[in-house]
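Below is one structure, written out as structure tokens; the observations come after it.
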């Protein structure tokens with residue numbers, strides 16, 4: 001595999017549980033809000049009604065199941081074709097998934113503090129909140145990622161995120177295309 005193709009493949013492989021964990025709350029969310037309707041002293045919601053217990057659980061389960069599939073599939077890929085710079089595991093996938101969901105919650109908290117309504121666009125932050133959370137949460141388990149991997153993740157995520165959101169909008173899963 002050519003070096004750049006290898007680096008892009010590795011970056012995508014690493015961040016895939018975060019992508020899945022971030023997408024599933026949109027599809028399977030609803031129900032009880034994580035903040036249970038609570039408000040901050042300024043009268044604004046803590047996270048908002050779109051951040052739900054069911055969505056968080058669905059995202060976490062989907063991200064972990066993705067990492068299970070990745071871990072199992074590595075047993076069938078020749079290591080000479082695809083060598084990861086660390087031993088990928090379900091636990092790493094778990095931390096990536098939790099980090100993605102927490103990163104998204106922090107982003108929602110910040111949006112509520114600055115007065116943005118639920119679903120309102122917040123360019124760049126909307127596309128990168130979950131991957132930054134995923135990378136930070138994974139550090140204690142996977143160690144620091146190579147800088148090139150982080151750069152690739154940051155560069156490939158916005159177009160992937162925008163495209164998948166647009167498809168979700170066209171299919172009626174999301175109310176907004178962002």
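We did not get these values from a lab; they are worked out from the coordinates using the rules stated. Values in this document were obtained by computation on a predicted structure and should not be read as measured data. Counting neighbours? That spans all protein chains shown, and the Cβs are built from the backbone with ideal geometry, glycine included.
Some observations on this one:
- Using a simple spin-label model with pseudo-atoms 7 Å out from Cα toward Cβ, residue 155 and residue 39 lie 4.6 nm apart.
- Pairs of Cα atoms nearer than 8 Å and 6+ residues apart set the relative contact order; for the chain it is 24 percent.
- Kirkwood Rh and Cα Rg combined as Rg/Rh, the chain: 0.99
- Helical mean residue ellipticity (222 nm; -39500 (n - 2.57) per DSSP H run of 4+; nearest 500) of the chain: -22500 deg cm²/dmol
- Using alpha-carbon coordinates, inclination of helix 3-28 to the longest axis of the chain, degrees: 30
- For the stretch 85-147 and the stretch 1-65, distance of Cα centres in Å: 8
- Estimated FRET transfer efficiency when R0 is 35 angstrom, pair residue 73-residue 125 (beta carbons, to 0.05): 0.60
- Note on the stretch 123-173: the alpha carbon radius of gyration divided by the globular reference 2.2 N^0.38 Å gives 1.33.
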